[in-house]
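Take a look at the structure below.
The values are calculated or read from the model by the stated rules, or taken from the named source; none is laboratory data. Here the structure is a predicted model, which means the values were calculated and not measured. Here Cβ is always computed from backbone atoms with ideal geometry, including for glycine, and neighbour counts include all displayed protein chains. Side chains included, ligands, DNA and RNA excluded: accessible areas come from the protein's heavy atoms. Shrake-Rupley method; radii C 1.70, N 1.55, O 1.52, S 1.80 Å.
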Amino acid sequence: MNSPSPRPGNQTGRPERPFAVTHDERLERALRETLSQRVAVPHRLPVDPAGTALGRARRMRRRRTVAGFALAGVVTALATGGMTQLGGQAERPTTPTVVLGDPSRVATRSADPVAPVPPDEPTDGEVELIMAGVLVTATGQRYDLGVGPVDRAQRLPDRGGWLLTGAVTAAGRTLWMVPAGGEPRALLAGAEEIVLSPDGRQVAWRDEGRVFAAGIVAGQLLATVAEPAPAGVVPVRFVGSQVVLRAGSQGGHLLWRPSPGTPPGTVAPDVLDVYGSRADGRLVARVRVGTRSCLALLGPDLSPGSTRCEPTPAADGRGAVSPDGRWLLVNGRLAGSDGAILVDLTGTAAPQRTAGPVIGDEVAWTDTRHAAYVDRDGTLARLRADDVLAGERAVSTPVAGANADVRPVVVAGPG
């Protein structure tokens, strides 16, 4: 019998591996192929590293801000015999919640209370401030709320806490409620504009082509109504039971009485700004009279009324009426100089007086006689109406920690 001839390539008579593939080998090959495909396709990580890093940076910045306030020391503001001291220790910083999407959603931040129970309303010109998410009480206590930049702040009625309107961001504005002895929570988020009634019991906002209004009861938004609104129409102020809307590119203002099936009214094109209302319902406004800009008392429906062209109100719209409707503090020009002008709306005192430097942000009336604001340089200005009538000017006090990026916000009292 002939012996088998040698195989080329140094192959032996028996291959090292049989040509037949077993079931286990097929399974192994399929598993390897599946894993290689998964490696080739990127997948979302369970934790976003960039988001984590940004969150840590924000928390570190907030802690450093609070530490900066502490190192800045004590700032004492003297006005009308009163004293505000920005001192004390910052409370433990907490992580804020970012709420996006449906503005009717409610979110909470942490389980630990971070805000105090408000004492009685500040008196004799004392004020509360919000700086970089830190509440500074009239007694100098600090509470880190972690709510981000704030444009407006006011007290809730009955010592219920505070309402904070967040600054404009790419995601819109947020309305925060800080209940007495509790933690902040977002009542609204993603709104184009938000305004509160002077008593803190109602809110109006614009979102997705509609204007909304709701009551604020026990930290919830109730009885929400909505109506379509043209582009650019936004709420700017409550006057009684109505909401003043700015007409946007059309110019002028209009009124909306929030109730189901009630659309906004007709635009009054010559009404340039509305500062508030008198006790009798008349509206205090800036109107166009020919080529001039004048103050006016309008009817409750924005109908024309009496006008006063001295002082000349500024075009920036900065100003507010006192809770009792007697005083208007407004930016304007009087006797050739720009500044904050105090106007007596009753005609029982001097018609107007220069009260202080130009108003840089919102005017906050803490009661019927005392007002405060932050000027263009970030300095706190406080005044008492009776003292201004007697020839005194607002007392200006630099605020420790304030700069171009961190501006204090004065907390208004409930009207």
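Report the paramagnetic label zone for Val117: residues of the range 163-187 whose backbone N is under 13 Å from a point 7 Å from Cα along the Cα-to-Cβ axis. The answer is 180-182. Taking a ≥ b ≥ c as the square roots of the eigenvalues of the alpha-carbon gyration tensor, the range 130-271 is classed prolate because a/c is 1.5 or more and a/b outweighs b/c.
Phi-derived couplings, Karplus 6.51 cos²θ - 1.76 cosθ + 1.60 at θ = phi - 60°, listed residue by residue for the range 267-277: 6, 9, x, 8, 8, 8, 8, 10, 9, x, 9 Hz, with x used for Gly and Pro. Ligands, DNA and RNA left out, the accessible area of the range 230-284 computed with a 1.4 Å probe is 54% carbon and sulfur. Working from label points 7 Å from Cα in the Cα-to-Cβ sense, the Asp280 to Arg257 distance is 2.0 nm. Rounded to the nearest 20, the Cβ-based charge dipole of the range 155-230 about its Cα centre (Lys and Arg +1, Asp and Glu -1) stands at 180 debye.
Once both labels are positioned 7 Å from their Cα atoms along Cα-to-Cβ, the gap between Ser241 and Thr291 label points is 4.4 nm. A cut-off of 5 Å between modelled amide H atoms, ignoring neighbours fewer than 5 places along the same chain, links Tyr275 with Val284, Ala285, Arg286. Evaluated with a Cβ-only charge set (Lys, Arg +1; Asp, Glu -1), the range 278-415 carries a dipole of roughly 320 debye about its Cα centre, given to the nearest 20. The residues of the range 314-378 expose on average 36 square angstrom of accessible surface per residue, using a 1.4 Å probe on protein heavy atoms. Other residues lying with their Cβ under 15 Å from the Cβ of Ala247 contribute a combined charge of 0, Lys and Arg counting +1, Asp and Glu -1.
P(r) for the range 210-258, from all Cα pairs and a bin width of 10 Å, is 26, 51, 19, 3 %, short bins first.
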